[in-house]
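The values are calculated or read from the model by the stated rules, or taken from the named source; none is laboratory data. Small disclaimer: the values here were computed from a predicted structure and weren't measured. Neighbour counts are summed over all protein chains in view; Cβ atoms, including those assigned to glycine, are modelled from backbone coordinates with ideal geometry. All accessible areas refer to the heavy atoms of the entire protein, side chains included, with ligands and DNA or RNA removed. Shrake-Rupley method; radii C 1.70, N 1.55, O 1.52, S 1.80 Å.
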Amino acid sequence: MVSRLVNNIYNKIFCTLFLAFIWFLPEVTSSEEKGIDLMSDDYDLLEDSSLEDLESELIFNREWEAEVSDKKEGSEEKKIGRFGIEGFSGSINQSFVFGIEDPGVSFNRQKSGLERIRTAFNFNHKGEISPSIKYKVGGLLRYDWGKLDNNQYRIGRNSIRLKLKDAYLDMYPSESIWLRIGNQIIARGQFDGLSITDTINPRDLSIPAQGELSDFRQHVPAALISIPIQNAKLELILTYDAGADNVGQPGSGFDPLVLFQNPTSLAPSSLFAKYLKPSNPTELFARLNYAFNGGDLAVVFSDENLNQRNLKSVTTSSSSTELHFGFDRVQKYGFSGNLARGNYLFKYEAVQIAGLPIPGKDPTVLPWQKKNQSVIGFGFDYSGIDNLTLGFESDVKLVQDYSEVLSGSETSVGQSFQARWTGLNDLLNINGTFSKLNGEESVISSLAANYNVQDGLSVGARFVRYYASSVSDSLYPYRNQDVIMFSTEYSF
Amino acid sequence: MKGKYQMSLFIKIFFFGSIIPLVLFVVNPAFSLSAFEIMSKVDARYTGESAVSTTRMILIDKKDRKRTREIEMFSKDYADVDKSISFFKSPGDVKGTAYMSFNWETPSKEDDSWLYLPALQKVNRIASSDRSGSFMGSDFTYTDIDGFELNDYNYELKKESDLVEGKDCWVIELTPKNKKVIDKTGYLKSLQWIRKDIFIPVKGRILVKKGKKIKLFSAKDITKINGIWTAKTLQMITTKNKKLVHKSVFQLKSIKYNIDIGDGIFSTEVMQSGL
C-alpha cells in the first residue's frame, strides 16, 4: 500500500513537472534569447561573406539583369489573365515492396518475401490552343519486373500497363466561368483520410496505403463547369462511365473474393468474380461553394453510382461459384466546410444518403436491404508545433430504420489520425497515419519518410501495417499483409 | 495600402515604391521623425496597384548545396484586401504547386490562405496562424510573404544613423505588442535598417521564437523600375550560435507593375488549372 502510494505521488509529481517543463519551455528559451545582441558585429561578418558568395555565384547573372532592365516604364499595359505554357513534366518512380509476414494460403504470396518491383513513369504535357483554351494530356506507364509464381517472386515474368490520366481541355468562356472537359480528377471535400462528400473519383483500393498519393484517385471522364452566382460559385459536374473503386486482382494481397470465403461456405479455389456495368453510367454532382473570411462552405447534391461495387447475384455450378458485383444508385445531399481559427483548421462534412444497400450477416443473401444513412464527419488540423501538423478526422454513420438482420450496428464510428513533420528546410518529410475503419476494429497504419536528395530527386521508405482482431472485420483476411517499401523518384 | 507594414517578400519588399514620401523627407529625412512615423512611411509607400513577377528561389544549406525553385506571382491591391497568387514553375517535384493569399486591411480579419498540391489535385485552406512555418522550405516564413500589421508592434529608434553599403539608414527595433503576434509570426523581435532616402528596409536581424535562432535579412540591387523602387535580390540567412544554418535567396527575374490583372485569377479554380 505504502509503495503504491509513493509511486502514485511520484508519478503525479513527475507528470506535473513534465507538463510544467513543456509549458514553460518556450518562455525559458525566450528569456535566454532576450540577452542576445542583434547589433553584434559578428552577424555583419556572416552577412558579408554570405553575400560575397551570392554575388559571385548567383546574383549578377547578366541574362536576368537584362530581362529586368529591358522593361520600359509604362509599357506592357495589356490585360493579364490566364496565360502561359507549362510544357512537359513527369516523374520516374522505382519501388521495391517486401511482405513482412506470411499472408496465408488464399494469396499468391503465402510467406514473407518480395512482393513486387515496379517502375512507374508519369508524364504530362500542358499547353494552350488559344488564350482561353488550354489542354493537358498525361499518362502512366507501369512496368512490373516480375510476378509471384508458386510463392516466389520471379523476375522476368514482367507486365506492362499504360493508363491514361489527365486528358482534358480547360476553357474560359468569360473571366469567371471555368469549364473543364475530359478525363480528370475532381478532388473535393475537406477530409484527407475519410471520404464523405469527396466521391466523384473512385479510389485505388488494390494496395491500400501503399500507392502514391497521385495515383489514389482514379481519373474519370467528366465535364465540369464553375459559374459564379453572386458571392458563391456553382459547380456542376457530369461524369460518364466513371467506373468503380479499383480492387485487387485474384490472388493478390487484397483480393476482394477472400472476403467471401470466411462468412460463407464457398470454397476459395472455386470463387470467381464478374463485374457488371452500371444501368445508368451518367452521374451528376452539384456543389455550391462559398468562401468567406476564415472559412469555406459547400452545399452538395449528387445522383451517383456508389464507387464500391456490391454483390448482386451468385450463380453456382458443380465446380465453381460466380459472384456478380454491380453498381448501386444513390442520391446524396449535404454540406462540407472548414473554419480557420488560430493554429487550427476545423473541418466538417455531413451527408444524407438515400437508398444505400447494406449487407446482412451473410452477404450472399440477396438482395441487400436498402436503407437511408446519415454520415457526419468532424476533424481538425493543428499546426502550432514548429514544423509538425497533427490531423484528426472522425465520421459517424447512422443507419435509419435499422434491423437486426443487417451486418454492423445502427451507429458506427471511424477515426483517422495523421502527423506530418517537415524538417531540414523541407528536405526531410515524415508522415504517420492511423486509420480505424468505420464500425470495425480494423486499423491501417503507416509510417513514411521521404528525403529530397537534390532538386527533383528523392528517396523514401514506408512501413504499412494492417491490423484486425475480429473475424468479422473486413480487414481480417488481410491482417498479415504488412509491408515495408523503398522507393526513389526523379521528377522533371 | 495603409495600416499594414508588410515585410512582404513579393508585395512590398520586391516592389518598393517611393513616389510620395521622397519629396517630403529626402531633403532632411532625419528631421524629427519617430520610429513609428518612419515605419508608417515605409508602410504607406506606393508600390504599385498590381504586379506580375517571376522570381527564382534558391535554397542553400550549410554545405553549400543548392536547390532552386522558380515562382510566378501575381498581386493586386483592392480597397480592403491585398490579393496574391503564386505558381511554382520548377523543379519537377513542386511544379504546379500554387499558393493564394488574401491579406485583409481590417485588423480583426484573419488572413485567408490556400495551397494547391498537384499530387492530390486538391486545394486546401491553410490555418490562419500557420504562417510562422517555412515558405516552401525557404528561410522566409509565410508571414514574411504575406506581411504583418503595422499596429502589431512597438517601435524604438535604436540608432539615428548607420551606413549599409554606403547608404544612411535608421536602425529601428520592432517588438511585438503581445504573445498572439509572436505566435503568428514566430518572431520575438527584430531590428530593421531603413534607408533614409527611399524608406526601404535594406537589412534586418530577427530573433526567432524557437530554436535560439537569428535570421539575417538583406535586400540588394535596389533599382527603380517603372518608377517604383525594386529590390532585385532578397536574402534570408538562418543562424544559430552565430553560425550559418541555412539561407535562401529570392532573385527577381522579371517584373511588370500596374498591369491590369483580371480579378478572376485570384480563385481556387485558377489554382487548379494553373497558368
Task: Sequence ranges A:355-363, B:261-269, ranked by mean other-Cβ count within 10 angstrom, highest first - done: B:261-269, A:355-363
Task: Shape call, the range B:41-97: gyration tensor on alpha carbons, a/c limit 1.5 - done: oblate
Task: Separation of the A:Ile484 and A:Glu322 label points, Cα + 7 Å toward Cβ, nm - done: 4.4 nm
Task: Inter-label distance for A:Ile92 and A:Ile181, nm, one decimal - labels placed 7 Å from Cα along Cα-to-Cβ - done: 3.7 nm
Task: Extended-chain gain in nm, criterion 0.36 nm per residue less alpha-carbon gap, A:Ile385 and A:Thr411 - done: 5.9 nm
Open item on the list: Spelling out what I want: for every residue of the range A:228-239, take phi, set θ = phi - 60°, compute 6.51 cos²θ - 1.76 cosθ + 1.60 (Karplus), and round to whole Hz; glycine and proline get x.
Closed with: x, 10, 6, 8, 10, 10, 9, 10, 10, 10, 10, 10
Task: Under-5 Å amide H pairs with A:Gly355, H placed in peptide plane, nonlocal only - done: A:Lys371, A:Asn372, A:Gln373
Task: A:Gln230 paired with A:Phe272, simple spin-label distance in nm, labels 7 Å along Cα-to-beta-carbon - done: 5.9 nm
Open item on the list: Please list 3J(HN,Hα) in residue order for the range A:274-286, calculated via the Karplus relation 6.51 cos²θ - 1.76 cosθ + 1.60 where θ = phi - 60°; whole Hz, with x for glycine and proline.
Closed with: 10, 9, 8, 7, x, 5, 10, x, 9, 10, 10, 10, 10
TODO: Could you pull the accessible area for B:Leu244 with a 1.4 Å probe, rounded to 10 Å²?
DONE: 50 Å²
TODO: Give a residue-ordered list of calculated ³J(HN,Hα) values for the range A:463-479 (Karplus: 6.51 cos²θ - 1.76 cosθ + 1.60, θ = phi - 60°; whole Hz; x for Gly, Pro).
DONE: 10, 10, 10, 10, 10, 8, 10, 10, 4, 6, 6, 5, 8, 4, x, 9, 5
Task: Centre separation in Å (Cα based) which lies between the range B:81-113 and the range A:321-344 - done: 29 Å
Task: Directionally averaged projected area (convex hull, Cα atoms, the range B:213-269), nm² - done: 6.2 nm²
Task: Area accessible to solvent at B:Thr223, 1.4 Å probe radius, in Å² - done: 50 Å²
Task: Tail fraction, Cα-Cα pairs, chain B, threshold 31 Å, whole percent - done: 21 percent
- [ ] Within 10 Å, count the other beta carbons around each residue, average over each peptide in B:41-49, A:166-174, A:468-476, and list them highest first.
- [x] B:41-49, A:166-174, A:468-476
Open item on the list: As a test of the formula, what do you get for chain B when each DSSP H run with n ≥ 4 contributes -39,500 (n - 2.57) and the sum is divided by the residue count, at 222 nm and rounded to the nearest 500 deg cm²/dmol?
Closed with: -3000 deg cm²/dmol
Open item on the list: On a 1.4 Å probe surface of the protein chains, which of A:Phe392, A:Phe378, A:Phe123, A:Phe254 comes out largest in accessible area, and what is the full order?
Closed with: A:Phe378, A:Phe123, A:Phe392, A:Phe254
Task: Peptide B:109-120, shielding by other chains (average Cβ, 10 Å cutoff) - done: 3
Task: Solvent-accessible surface ranking, highest first, for B:Val202, A:Val105 at 1.4 angstrom - done: A:Val105, B:Val202
Task: Within the range A:329-350: backbone nitrogen closer than 19 Å to the A:Leu366 label point (7 Å, Cα to C-beta) - done: A:329-330
Task: Shielding by partners - mean other protein chain Cβ count within 10 Å, residues of B:258-265 - done: 5
- [ ] Quick one: which residues, 5+ away or cross-chain, put their amide H under 5 Å from the amide H of A:Arg154? H built at 1.01 Å from N.
- [x] A:Lys147, A:Leu148, A:Asp149
- [ ] Using the Kirkwood radius over Cα pairs, work out the Stokes-Einstein diffusion coefficient for the range A:413-492 at 25 °C and 0.890 mPa s, in µm²/s as a whole number.
- [x] 175 µm²/s
- [ ] Arrange the residues A:Thr433, A:Thr321 by how much accessible surface each exposes, largest first, with a 1.4 angstrom probe.
- [x] A:Thr433, A:Thr321
- [ ] Within 10 Å of each Cβ in peptide B:210-220, how many partner chain Cβ atoms are there on average? Round it to a whole number, please.
- [x] 4
- [ ] Sticking to Cα atoms, compute the Rg of the range A:283-338 to one decimal and its Dmax as the biggest Cα-Cα distance, whole number, in Å.
- [x] 19.0, 66
Open item on the list: What three numbers, in Å, describe the spread of the alpha carbons of the range A:90-491 along their principal axes, ordered from the longest?
Closed with: 64, 55, 45
